[in-house]
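So the structure is just underneath, and the comments pick up after that.
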Amino acid sequence: MERGVSVYTVGDLCKKCYSCVRSCPTKAIQVREGEAHIVPEYCISCGLCVNMCTQDAKKIVSHKDEVGAAIAGSGRVYALLAPSFPGAFLDLDPGCLVAALHRLGFDKVFEVAFGADLVSYRYKKTYEHILKQERGTFIITSPCPSVVFYIEKYFPELLDSLAPIVSPMEATARAIRGKIDREATLVFIGPCIAKKDEAKESETVDYVLTYQELSDLLEGARIDPATCEPVEFDPPHANLGRIYPVTGGLLKAADIDSDLLESPVTVIEGPERVRDILSVLSKLHKEGGTPSYRIYDLLFCEGCIGGPVMMNNLTFFERKKFIVRYMTNRPLITDLKKWAQANVDYLDIDLSVRYTPKKGALVDPPAEKIQEILAMTNKFKPEDELNCGACGYSSCRDKAIAVYRGMAEVEMCLPYLISKIEQTVEDLKTNQARLIQAEKLASMGQMAAGIAHEINNPLGVVLMYSYILKDELLGNTGANEDLDRIITEAERTRKIVKGILNFAREEKIDRSLVDINRLVQSSVEGALKGHPDGLYGVEYRLDEKLGLQSVDKNQIQQVFDNLIKNACEAMPGGGTLGVSTKEKDGSFSVCITDTGCGIPKENLSKLFSPFFTTKQVGKGTGLGLSVCYGIVKMHGGSIEADNNPEGGARFTVTIKKTHTVEDGGSVVIDSPEGDNNNE
Ligand code: ADP
Ligand code: MG
């Protein structure tokens with residue numbers, strides 16, 4: 001749980017939708033391992049995140065237990081009911097609610113609207129003269145704790161302009177403590193989460209209940225307010241202060257008119273507008289200039305009846321109707337002077353407050369850091385910044401800044417995640433195809449190796465006796481020719497069997513340091529010897545930094561021979577052979593391309609199977625590529641076949657480097673994984 005503010009996150013319930021980040025006016029939410037936690041230092045307790053979170057992961061610190069214990073105890077406990085209550089407990093005679101509170105255990109029930117009257121009167125007395133000034137300073141008035149926290153944390157330069165008069169809750173509590181009962185436990189009941197934090201700071205009010213918490217307590221005690229016999233609030237009674245919770249209520253109650261066209265007063269509500277006007281006023285404060293208004297009355301919600309925990313989903317206008325109806329049903333003193341005479345006992349209460357600047361504003365990162373963070377989610381140019389808002393921040397730049405400050409995580413970017421998932425799915429598909437292929441070849445290899453072993457023995461016997469017979473029949477030319485034929489064919493069979501064993505990786509590899517570039521060049525030269533000059537052109541792109549590599553020279557030569565032979569066979573009328581080598585990421589690769597017929601797509605997955613050939617009988621055995629496959633695998637590498645976009649085939653052999661040549665030419669050979677090798 002976050003300490004310090006009255007809202008906290010239940011991590012397990014957080015489903016990474018970032019709607020709380022989106023709604024938070026101060027971006028006080030830190031995403032840690034996908035969970036969105038509130039950072040008290042930056043939070044202004046507005047409660048917007050509580051309402052935005054559809055998963056119920058944002059909770060409000062409850063005072064139900066403490067209040068329950070207080071009313072069960074022997075001390076006096078008083079309820080201070082916020083003026084917005086008629087908009088929460090609809091169609092209920094206010095007297096019934098007062099009676100229900102008494103039944104619950106409260107000794108007295110006061111209307112906070114009385115404190116609002118006190119505050120309004122103080123505003124009127126203190127600031128009336130400002131309204132008459134042509135030019136001069138401005139003041140900010142606000143009964144809203146979130147606005148006060150906002151200014152304290154983010155616009156401390158404006159604290160001198162914030163009217164140092166307490167809120168109606170605090171005024172009511174001070175009136176009770178000063179004139180009625182110093183010791184009682186005071187419980188404020190209202191629509192606001194920030195009040196819990198305001199009360200914690202001032203320590204005049206002991207506990208704050210939301211209307212919902214009150215309803216829960218009433219329900220727990222099986223009290224239905226509608227069935228209670230109505231009683232009056234305890235005095236002092238409220239007057240115009242009852243209008244406080246609707247837009248501009250403070251000013252109306254203070255008889256300061258904000259409705260006039262040329263009014264020196266403006267009422268501003270809502271987080272964005274409050275932020276905008278505070279930015280404007282801050283600039284004015286720093287740079288000088290004439291403010292448009294003398295008094296700026298600010299509220300974070302649309303009136304307190306728009307508070308975050310009002311208990312019902314009525315609109316502002318519907319709730320306002322209930323407030324106005326309550327007000328007009330009661331006797332009112334519209335003349336402030338007369339009201340002051342009637343309440344003269346309370347006019348000397350100290351309603352002053354001292355604001356303290358609090359650390360809240362965050363440091364901006366240098367431009368290159370922002371660029372660096374943007375690049376982590378593939379945003380290299382301004383066009384790459386989609387500003388889609390999915391992360392909760394209104395722009396990619398804002399999110400990058402939050403990442404720098406440790407408030408957001410790189411992975412919060414939805415478009416980036418989608419592209420990453422697409423890439424992963426693509427990689428998985430390729431890997432799956434490779435695995436299927438490898439498995440197929442492995443089982444084939446097992447069978448082929450079994451057969452090859454079985455054939456090898458009788459074949460050896462045939463060859464041995466053929467040679468013995470040849471010796472015995474010395475001079476019999478006819479029989480000798482026949483025997484030579486037997487021997488040639490048996491030797492050919494042995495070669496095939498050796499090829500099969502090679503594919504099945506039954507051979508051991510004998511590593512030495514080999515110059516790969518020279519090796520592939522010698523294979524090309526050997527292959528071209530048998531062809532007329534000029535039939536094949538060769539394009540080399542050799543990475544001369546490749547140096548010596550630890551491989552089985554004879555076997556790797558065999559791989560190059562086979563690939564180059566195939567390439568030439570694919571270009572019977574001549575063409576260009578491409579040979580390139582490259583070193584990258586601890587591996588080296590050799591790529592052989594041709595400009596021949598290419599490989600039909602459906603054959604790509606069959607090429608490395610033993611005996612797969614598209615060549616005429618007698619021309620191809622279908623063993624060349626399977627042998628290559630076996631040899632490369634024994635070296636712990638891979639071989640890939642593909643078609644060039646511009647035509648012809650491309651075979652790439654990639655082998656992990658297993659040695660380094662250090663300065664002075666001494667050679668270190670690491671013990672290579674995958675030698676002799678099980679993949
Ligand atoms: P063989 O050459 O005896 O047919 P390989 O295993 O060497 O056996 O090759 C198998 C098959 O792969 C060939 O028959 C041919 O269809 C295809 N192939 C190999 N290399 C190429 C290439 N460079 N261009 C087109 N097809 C090729
Ligand atoms: Mg071949």
Can you tell which of K359, K379 is more than 22 Å from K179 (Cα to Cα), in contact (Cβ under 8 Å) with a residue 12 or more places away in the chain, in a loop (DSSP other than H, G, I, E, B) and open to solvent by less than 70 Å² (accessible area, probe 1.4 Å)? K379
Can you find a residue that is within 30 Å of P156 (Cα to Cα) and of a type outside the set (V, I, T) anywhere in the stretch 409-418? yes
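Per-residue answers, yes or no, for (1) of a type in the set (S, T, N, Q); (2) assigned by TED's automatic domain parsing to the domain that holds H237:
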{"residue": "P291", "(1), (2)": "no, yes"}
{"residue": "P331", "(1), (2)": "no, yes"}
{"residue": "T334", "(1), (2)": "yes, yes"}
{"residue": "L362", "(1), (2)": "no, no"}
For residues that are at pLDDT 90 or above and open to solvent by less than 50 Å² (accessible area, probe 1.4 Å), scanning just the stretch 613-625, find the one that is farthest from ligand 2 (Cβ to nearest atom). L625
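Yes or no, residue by residue, for (1) touching a helix residue (DSSP H, G or I) at 6+ places or on another chain (Cβ under 8 Å); (2) modelled with pLDDT of 95 or more; (3) farther than 20 Å from C46 by Cα; (4) surrounded by fewer than 24 Cβ atoms within 10 Å (Cβ to Cβ):
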site	(1), (2), (3), (4)
T137	yes, no, yes, yes
P145	yes, yes, no, no
F155	yes, yes, no, yes
L158	yes, yes, no, yes
L162	yes, yes, no, yes
Could you grab me the full set of residues in the stretch 628-647 that are farther than 20 Å from V514 by Cα and either within 16 Å of ligand 2 (Cβ to nearest atom) or surrounded by 22 or more Cβ atoms within 10 Å (Cβ to Cβ) (or both)? A641
Enumeration of residues in the stretch 434-469 that are of a type in the set (G, A, S) and either open to solvent by less than 60 Å² (accessible area, probe 1.4 Å) or under 24 Å from T488 (Cα atoms) (or both): A438, A442, G445, A448, A449, G450, A452, G460, S466
Do you know which of the residues in the stretch 512-569 that are part of a strand (DSSP E or B), open to solvent by less than 50 Å² (accessible area, probe 1.4 Å) and closer than 21 Å to K656 by Cα is farthest from ligand 2 (Cβ to nearest atom)? S550
Working only within the stretch 610-638, note down all residues that are within 11 Å of ligand 1 (Cβ to nearest atom) and not in a loop (DSSP other than H, G, I, E, B). G624, L625, S626, V627, C628, Y629
Do we find that S23 is modelled with pLDDT of 95 or more and among the hydroxyl-bearing types (S, T, Y) in this structure? no
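I want to confirm something. Restricting to the stretch 47-69 and keeping residues that are of a type outside the set (D, E, K, R) and open to solvent by less than 20 Å² (accessible area, probe 1.4 Å), which single residue is farthest from K16 (Cα to Cα)?
Ranking the candidates gives V67 first.
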The one condition in (1) of a type outside the set (K, R); (2) touching a Leu at 6+ places or on another chain (Cβ under 8 Å); (3) more than 18 Å from I500 (Cβ to Cβ) that A452 fails to fulfil: (3)
Cβ pairs under 6 Å, 6+ apart, first in the stretch 476-488 and in the same structural domain as Y465 (by TED's automatic domain parsing), second open to solvent by less than 80 Å² (accessible area, probe 1.4 Å) and not aliphatic (A, V, I, L, M): L483/S466; L483/K470; I486/S466; I487/S466
Residues that are in contact with a Cys (Cβ under 8 Å, 6 or more places away or on another chain), at least 1 per element: which helices (runs of 4 or more DSSP H) completely within the stretch 25-96 meet that? 48-52
Only one residue in V520, V590, V551, V538 is away from ligand 1 (no atom under 11 Å from the Cβ) and farther than 28 Å from A504 by Cβ, so which one is that? V538
Scan the stretch 421-431 and give yes if some residue there is surrounded by 14 or more Cβ atoms within 10 Å (Cβ to Cβ), at pLDDT 90 or above and among the acidic types (D, E), otherwise no. no
Are any residues in the stretch 296-344 loosely packed, with under 11 Cβ neighbours inside 10 Å and in contact (Cβ under 8 Å) with a residue 12 or more places away in the chain, and if so, which ones? T334
Hits in the stretch 198-222 (condition: more than 19 Å from N312 (Cβ to Cβ) and out of contact with any strand residue (DSSP E or B) (no Cβ under 9 Å at 6 or more places or on another chain)): E201, S202, E203, G220, A221, R222
Within the stretch 90-108, can you find the residues that are surrounded by fewer than 23 Cβ atoms within 10 Å (Cβ to Cβ) and either touching a Pro at 6+ places or on another chain (Cβ under 8 Å) or modelled with pLDDT of 95 or more (or both)? L92, D93, P94, G95, C96, A99, H102, R103, L104, G105, D107, K108
If I filter the stretch 583-612 down to residues being more than 16 Å from ligand 2 (Cβ to nearest atom) and charged (D, E, K, R), which single residue comes out as most open to solvent (accessible area, probe 1.4 Å)? K601
Within the stretch 165-185, how many residues turn out to be more than 18 Å from F300 (Cα to Cα), assigned to a loop (DSSP other than H, G, I, E, B) and either touching a residue at least 24 places away in the same chain (Cβ under 8 Å) or aliphatic (A, V, I, L, M) (or both)? 4
All helices (runs of 4 or more DSSP H) inside the stretch 186-285 with 2 or more residues being under 19 Å from E152 (Cβ atoms): 194-202
For the stretch 639-653, what are the residues that are in contact (Cβ under 8 Å) with a residue 60 or more places away in the chain and assigned to a loop (DSSP other than H, G, I, E, B)? G648
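The values are calculated or read from the model by the stated rules, or taken from the named source; none is laboratory data. Since the model is a prediction, treat every value here as computed from it, not as a measurement. Every residue, glycine as well, gets a Cβ built from its backbone with ideal geometry; the counts of neighbours run over all protein chains shown. Please note that ligands, DNA and RNA were not included when accessible areas were found on the heavy atoms of the full protein model with its side chains. Shrake-Rupley method; radii C 1.70, N 1.55, O 1.52, S 1.80 Å.
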